[in-house]
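Peer 1: Below is a structure I'd like to ask you about.
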Amino acid sequence: MKENRWKITSEKYIGNFKIFDIREVKAVSPRTGQELPYYLLDCSDWVNIIALTKDNEVIMVEQHRFGTSKVELEIPGGMLERNERPIDAAVRELREETGYAGNKQTYLGHVDPNPAFQTNKCHMFLIENCKFEGEMQLDPGEDIDLRKVSLGEVNNLIDDGTIRHSLVICAFKFFDSHCK
């Protein structure tokens with residue numbers, strides 16, 4: 001793989017927009033020599049969790065997503081808090097969003113959600129033997145319904161377009177590679 005040949009000439013902080021900061025980075029193209037501006041979203045890292053019950057049911061969440069203006073079927077997930085380890089965020093987010101907890105956690109890997117302009121990673125976890133532990137602890141902007149899906153049904157839900165969230169599909173790809 002080629003090394004980075006772009007020369008960064010300046011960086012300017014644009015502002016905080018609640019879930020991300022924006023920076024303008026100017027860099028010189030190695031091909032044209034032209035200085036060009038690029039805008040980066042500095043986000044916290046994220047976690048996505050495939051939560052399995054003892055009966056091989058996946059605990060999934062249905063929630064409205066403003067980007068698509070639709071209710072999407074997804075797996076639990078969220079942002080890491082400052083200085084939080086990804087595994088700790090996964091356990092916390094699963095408990096907060098679903099009320100479920102499990103006793104076996106496996107790191108499946110991570111992806112760069114959009115390396116064109118985002119600086120964060122999305123870490124994928126499998127949490128097994130999940131059982132209901134108590135009330136959901138939702139953030140003010142979360143309105144989530146739970147749905148249990150047979151693990152064997154997941155690929156059909158991806159194939160028929162019911163599951164469309166790219167990071168959820170990535171998590172199941174990692175799961176398939178890691179666990180089968």
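Every read-out reported here was derived from the displayed coordinates using simple, explicitly stated rules and does not represent laboratory data. In this text the structure is predicted, and so the values were computed from the model without any measurement. Virtual Cβ from ideal backbone geometry, glycine too; neighbours counted across all protein chains shown.
Peer 1: Report yes if some residue within the stretch 46-66 is out of contact with any helix residue (DSSP H, G or I) (no Cβ under 7 Å at 6 or more places or on another chain), more than 23 Å from PHE175 (Cβ to Cβ) and among the polar types (S, T, N, Q); otherwise report no.
Peer 2: Within the stretch 46-66, none of the residues are out of contact with any helix residue (DSSP H, G or I) (no Cβ under 7 Å at 6 or more places or on another chain), more than 23 Å from PHE175 (Cβ to Cβ) and among the polar types (S, T, N, Q).
Peer 1: Oh, and also: Quick check on GLU62: is it surrounded by fewer than 17 Cβ atoms within 10 Å (Cβ to Cβ), among the charged types (D, E, K, R) and within 30 Å of SER150 (Cα to Cα)?
Peer 2: yes
Peer 1: Could you grab the pairs with beta carbons closer than 9 Å, sequence gap of 6+ or different chains, first residue in the stretch 166-178 and without any contact (Cβ under 8 Å) to a residue 60 or more places away in the chain, second one surrounded by fewer than 21 Cβ atoms within 10 Å (Cβ to Cβ) and polar (S, T, N, Q)?
Peer 2: Correct list of pairs: ASP176/ASN155.
Peer 1: If you don't mind, another one. Do any strands (runs of 3 or more DSSP E) entirely within the stretch 1-58 hold 3 or more residues that are surrounded by 13 or more Cβ atoms within 10 Å (Cβ to Cβ) and on the phi < 0 side of the Ramachandran plot, and if so, which?
Peer 2: By residue number, 20-28, 35-43, 46-53.
Peer 1: State whether the residues of the stretch 66-80 include one that is charged (D, E, K, R) and in a loop (DSSP other than H, G, I, E, B).
Peer 2: No, the conditions are met nowhere in the stretch 66-80.
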